[in-house]
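Engineer: Quick one: the structure is below, and I'll ask about it shortly.
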Amino acid sequence: MTAISRSPNPLNLKERIKLPRQAMPEQPALKRAHEFTEVNLGYSEELARQEALRCLECEKTTCVDNCPVGVKVREFVSLIVAGDFQGAAAKIREDNALPAITGRVCPQEDHCEGSCKLGKKGEPLGIGYLERFVADYEQRLGVHTQVTAAPTGKKVAIVGSGPSGLSAAGDLIQKGHAVHVFEALHEIGGVLVYGIPEFRLPKHIIRQQVDYLRTMGVEFETDVVVGRTVSIDELMNDEAYDAVFIGTGAGLPVFMNIPGEHLNGVYSANEFLTRINLMHAYEFPKYDQPMADFRGKDVGVIGGGNTALDAIRSALRLGARKAYIIYRRSDAEMPARQEEVKHARQEGVEFQMLTSPVEFLSDENGWLKAARCVRMKLGAADDSGRMRPEPIPGSEFDLPLSVAVLAIGTTANPMIQSTTPSLRTNKRGYIEADSVTQRTTRKGVFAGGDIVTGSATVILAMGAGRRAAKSIHQYLTTGQW
Amino acid sequence: MFKITQAEFLAPGIKRFVIEAPRIARKQKPGQFVILRLYERGERIPITIESSDPARGTISVVVQSVGKTTHLLNSLNAGETLLDVVGPLGKPSEIVQFGTVAIIGGGVGVAMAHPTAAALKRIGNRVISIIGARTKELVILEKDMREVSDEVMVTTDDGSYAAKGFVTDKLQELIKRGERLDLVLAIGPIPMMRAVAEVTRKLAIRTIVSLNPIMIDGTGMCGGCRVLVDGKSQFACVDGPEFDAHRVDFAVLTRRNSTYRTEEKTSMDEFRESHRCQAEESRL
């Protein structure tokens, strides 16, 4: 085998396959389990070049096909091999407005890395790690993409500053449209800010990525709850927006409707994480928003997704003595990213699998003292194709807990739908939008992300934001609906 | 940033602010609230909107000093700014022709009841208002309530002004004298709202209370403000803040509101230590 023509990579394919995947340097588990500082430390230039050398530069780039935003993986990786890190960052930015974020939180195993040929026999290329490396490199350098498109004179309102909104904003501003992002909370970033903890996605990274969009000309307005402060109709009629993109996210937390859910010490994951992440409750009393004292207490999080793992690892960092994940299915069905599960185990999280609470028990003061749980077994497959968990009769036991966090999903927030006539929703209350054009039933209004699909991932929301931006641009330039 | 254009004490520890918030002023309806954050490290607190002036682009709120954030807020003056004001949140009060309505405001609750009383009166309801306070100097907005009511009754717990007793005494009096009440709206401390609910429950008088649970985002996202209504979870921020008083589990509300008592005390102690509450007292 010979090196691929015109590739900067001096190695032949055999040599590339032999190279081991470069491990991500990370803080020692026992140290980091008590701190909110970032777990992964990032590749050095040396590690990044080593890892990039492994890329087989396949003719058929399945990694690109499987990326919801279509990052040109092969191209940016060869720029790393060539030592042009800034060029690699610019290449990623052609398709991805938030590379420092996706490089950290994207479930690469389900997308690019999951389809990497290296992974067939060995370990896939560390595409996420490489993306993070070049994005951080670009930040250190402080360079910015210049908007070259001439102003179109069209105005687009983006409702929600989470991953779908930011992604759409990044694409639309580059087409020359005026872009104004409305955010209900006091900080820009949506779920990136209130949902994902500092140790996985530091706030300063989000701020940098947002500032990047700001320098490109995107305007941001916080403290605006669209549906309350202003309606979609008012944005279009009174404030003269030519198009609106709704990317308001998942919305209302789901509760289990079991006895004891109103006890003190029982939280939704949204509340628990919002207190910690957005409101900095872990820095109380330096910050004013309080959090219950977790030191020496036992905490259980119900659920098996990334949110559940974020919550339980936060609880550990707040000083929890025992930290449990309580999940009704088994390891194989856990929707969380593999890396998070690995990190949680290293940090000492205990996994109570095939287990579900049936009641929360109170102490004499109305605070949670235990979760009455039942063991489950997996039965026939349900609608989602996963085996349905069924309780095993007589398997009840009490798990002592001072704090329980429900991370079992969310439902649609009806605020915009109920105040926007002719915006159709499905039977679960999510906004109906075309899966390619992201058009809603209302002219000029597009929607994407969790408010259309229900809870998904950052990268899937970003993909929807990109598709919406493309179709908004088409609508604004042709006038065709 | 949201600029304070006016600030005046209505009573010791109770201050009225007029704040520039044009978007909110355009949309506000009686019964709705805002969430405020004072500064970068501050918490988010919900406060009912007392009134709004769409032409001037301002809203007004009335704040009682209870914990650190409200003490800090009440130390601010005209010309200073609030970092965040978001709203109007919550469902507006139902403003329809009920007939005879009793509006009950306890303490600072009078300020929250005032806009609803005014709106109900404006469309032709007969409004009887009952204002209660601990003591004479804490009776607020009596004149404002008189302007929007057919009759106003005032009580103080210690009898230092008007009738000695509680708002429920006056409510009983109304019932005894044969008033047919079509609606009772009670806004104030939880024990007061609970007591009102008990009085009207027996007579099946429709009674509405405005709840004040712990809240963070105010958009339905966090679920921290869930209250038990008719045995079901309701979010005060989007399903409320007003609920049928006879269906509310006040015990759960009281208990959940005490979740952070220790932390609230820590904050307050620290605040007192650094401010010694001089700012507020010197201005009175």
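Bear in mind these aren't lab numbers, they're just calculated from the coordinates by the rules spelled out. It should be emphasised that the depicted structure is a prediction, and the values quoted were computed from it without experimental measurement. Note that each Cβ is placed from the backbone with ideal geometry, even for glycine, and that neighbours are counted across all protein chains shown.
Engineer: For helix B:109-122, what angle does its Cα long axis make with the longest principal axis of chain B, in degrees from 0 to 90 and rounded to 10?
Structural biologist: 50 degrees
Engineer: If r is the Cβ-Cβ distance from residue A:214 to residue A:332 and R0 is 60 Å, what FRET efficiency results, to the nearest 0.05?
Structural biologist: 0.90
Engineer: Which of the cysteines found in chain A have nothing to pair with, since no other Cys Cβ lies under 4.7 Å from theirs?
Structural biologist: When partners are defined as cysteine Cβ atoms under 4.7 Å apart, chain A leaves A:55, A:58, A:67, A:106, A:116, A:373 without one.
Engineer: Moving to a separate point now. Averaging over all projection directions, find the projected area of the Cα convex hull of region A:304-367 and quote it in nm² with one decimal place.
Structural biologist: Details: hull surface 19.6 nm².
Directional mean of the projected Cα hull area for region A:304-367 stands at 4.9 nm².
Engineer: Moving on. Give me the Debye-computed log₁₀ of I(q)/I(0) at q = 0.16 Å⁻¹ for region A:92-159, equal point scatterers on Cα only, no solvent, two decimals.
Structural biologist: Log10 I(q)/I(0), no solvent term: -0.70.
Engineer: Further question: Starting from the Cα coordinates of the protein assembly as shown, work out the convex hull volume and express it per residue in Å³. It would help to have the intermediate numbers written out before the result.
Structural biologist: Values: hull volume 135.7 nm³, N = 765.
Here the figure is 177 Å³ per residue.
Engineer: Residue by residue, what Karplus-based ³J(HN,Hα) values in Hz, rounded to whole numbers, does region B:211-222 have, using 6.51, -1.76 and 1.60 with θ = phi - 60° and x for Gly and Pro?
Structural biologist: 8, 10, x, 4, 8, 10, 8, x, 10, x, 6, 9
Engineer: Shape of region A:1-56 from its Cα gyration tensor (a ≥ b ≥ c, root eigenvalues): rounded if a/c is under 1.5, otherwise prolate when a/b > b/c, or oblate?
Structural biologist: Prolate, since a/c reaches 1.5 and a/b exceeds b/c.
Engineer: Looking at chain B, which longest stretch skips every one of the chymotrypsin sites (Phe, Trp or Tyr not before Pro) that is in a DSSP loop with at most 16 other Cβ atoms within 10 Å, leaving the sites themselves out? Walk me through the numbers on the way to the answer.
Structural biologist: Working: sites that count: B:39, B:161.
The segment B:162-284 is the longest one with no such site.
Engineer: At each listed q (0.09, 0.10, 0.16, 0.21 Å⁻¹), what is the log10 of I(q)/I(0) that the Debye formula gives for region A:1-110 modelled as equal alpha-carbon point scatterers?
Structural biologist: These q points yield log10 I(q)/I(0) values of -0.28, -0.34, -0.83, -1.28.
Engineer: In this model, which of A:203/B:265; A:427/B:232; A:155/A:443 are farther than 18 Å apart at the alpha-carbon? Walk me through the intermediate numbers first.
Structural biologist: Numbers: A:203/B:265 29 Å; A:427/B:232 21 Å; A:155/A:443 15 Å.
Going by Cα-Cα distance, A:203/B:265; A:427/B:232 fall outside the 18 Å limit.
Engineer: To continue, here is another question. Among DSSP beta bridges lying fully in region B:129-284, give the percent that are antiparallel, nearest 5. Write down the numbers at each step before the final one.
Structural biologist: On the way: 8 of 18 bridges.
For region B:129-284, the DSSP antiparallel bridge percentage is about 45.
Engineer: Determine which residues of region A:341-384 fall in the zone a paramagnetic label at residue A:392 would reach in this model, i.e. backbone nitrogen under 15 Å from the point 7 Å along Cα→Cβ.
Structural biologist: Output list for this probe position: A:352-357, A:373-379.
Engineer: Can you check how the C-alpha radius of gyration of region A:394-451 compares to 2.2 N^0.38 Å, as a plain ratio?
Structural biologist: Numbers: Rg = 18.3 Å, N = 58, 2.2 N^0.38 = 10.3 Å.
Normalised by 2.2 N^0.38 Å, the Cα Rg of region A:394-451 equals 1.77.
Engineer: If region A:181-277 were replaced by its equivalent ellipsoid, with semi-axes equal to the square roots of 5 times the Cα gyration tensor eigenvalues, what would those be, largest first, whole Å? Walk me through the numbers on the way to the answer.
Structural biologist: Working: eigenvalues 174, 86, 16 Å².
With the √(5λ) rule applied to region A:181-277, the semi-axes are 30, 21, 9 Å.
Engineer: I need the phi-derived Karplus couplings for region A:471-476: 6.51 cos²θ - 1.76 cosθ + 1.60, θ = phi - 60°, integer Hz, Gly and Pro marked x.
Structural biologist: With the stated coefficients, region A:471-476 comes to 6, 5, 4, 4, 4, 6 Hz.
Engineer: May I pose another question? What is the angle, in °, between the Cα long axis of helix B:190-203 and the longest principal axis of the Cα atoms in chain B? Nearest 10 is fine, range 0 to 90.
Structural biologist: Its long axis makes an angle of about 20 degrees.
Engineer: Also, quick follow-up: When each pair of different Cα atoms in region B:143-284 is counted once in the 1/r mean, what is the Kirkwood radius in angstroms, to one decimal? Provide the component values of the computation, followed by the final result.
Structural biologist: Values: mean 1/r = 0.0564 Å⁻¹.
Result for region B:143-284 stands at 17.7 Å.
Engineer: Quick one: what are the phi-derived ³J(HN,Hα) couplings along region A:303-316, Karplus 6.51/-1.76/1.60 with θ = phi - 60°, whole Hz, x for glycine and proline?
Structural biologist: Coupling constants for region A:303-316: x, x, x, 4, 4, 4, 5, 4, 5, 5, 6, 5, 4, 4 Hz.
Engineer: Out of region A:159-227, which chymotrypsin sites (Phe, Trp or Tyr not before Pro) are coil in DSSP terms and have no more than 15 other C-beta atoms within 10 Å?
Structural biologist: Numbers: sites: A:182, A:194, A:199, A:212, A:220; in loops: A:199.
Nothing satisfies the criteria.
Engineer: Right, next: Tell me which aspartates and glutamates have Cα within less than 20 Å of residue B:143's Cα, excluding those fewer than 8 residues away on the same chain?
Structural biologist: B:8, B:50, B:53, B:151, B:157
Engineer: Ignoring everything except DSSP H segments at least 4 long, calculate the 222 nm mean residue ellipticity for chain A; use -39,500 (n - 2.57) per segment, divide by total residues, nearest 500. Write out the running numbers ahead of the final one.
Structural biologist: On the way: 18 runs with 157 residues, N = 481.
It comes out at -9000 deg cm²/dmol, rounded to the nearest 500.
Engineer: Continuing with the same structure: Which aspartates and glutamates, on any chain, are close to residue A:175 with Cα under 17 Å apart, when same-chain ones fewer than 8 places away are left out?
Structural biologist: Result set, ordered by chain and number: A:94, A:95, A:219, A:242.
Engineer: Would you calculate the convex hull of the Cα atoms in region A:260-348 and tell me its volume per residue in Å³?
Structural biologist: On the way: hull volume 8.9 nm³, N = 89.
With only Cα atoms used, region A:260-348 gives 100 Å³ per residue.
Engineer: What's the long-distance tail for chain B, i.e. % of Cα pairs beyond 29 Å? Don't jump to the answer; show the numbers that get you there.
Structural biologist: Values: 12340 of 40186 pairs.
Above the 29 Å cut-off, chain B has 31 percent of its Cα pairs.
Engineer: Also: Among all the lysines, which ones have a C-alpha under 20 Å from residue B:176's C-alpha, if same-chain residues fewer than 8 places away are not counted?
Structural biologist: The reachable lysines, counting only those whose Cα sits under 20 Å from residue B:176, are B:164, B:202.
Engineer: Taking the Cα centre as origin and putting +1 on Lys and Arg beta-carbons and -1 on Asp and Glu beta-carbons, what dipole magnitude results for chain B, to the nearest 20 debye? Mind showing how you got there, number by number?
Structural biologist: Values: 39 positive and 35 negative charges, 99 e Å.
It works out to roughly 480 debye.
Engineer: Rounded to the nearest 5, what % of the DSSP beta bridges within the protein assembly as shown are antiparallel ones? Don't skip to the end; give the middle numbers.
Structural biologist: On the way: 55 of 110 bridges.
Taking every DSSP beta bridge within the protein assembly as shown, about 50 percent pair in antiparallel fashion.
Engineer: If you don't mind, there's one more thing I want to ask. Counting only pairs 8 or more residues apart or on different chains, how many lysine pairs in region A:1-127 have their Cα atoms under 25 Å apart?
Structural biologist: Pairs that pass both the separation and distance tests number 20.
Engineer: Another one. Taking only Cα atoms, what is the 0 to 90° angle, nearest 10, from helix B:167-176's long axis to the longest principal axis of chain B?
Structural biologist: Result, in degrees: 20.
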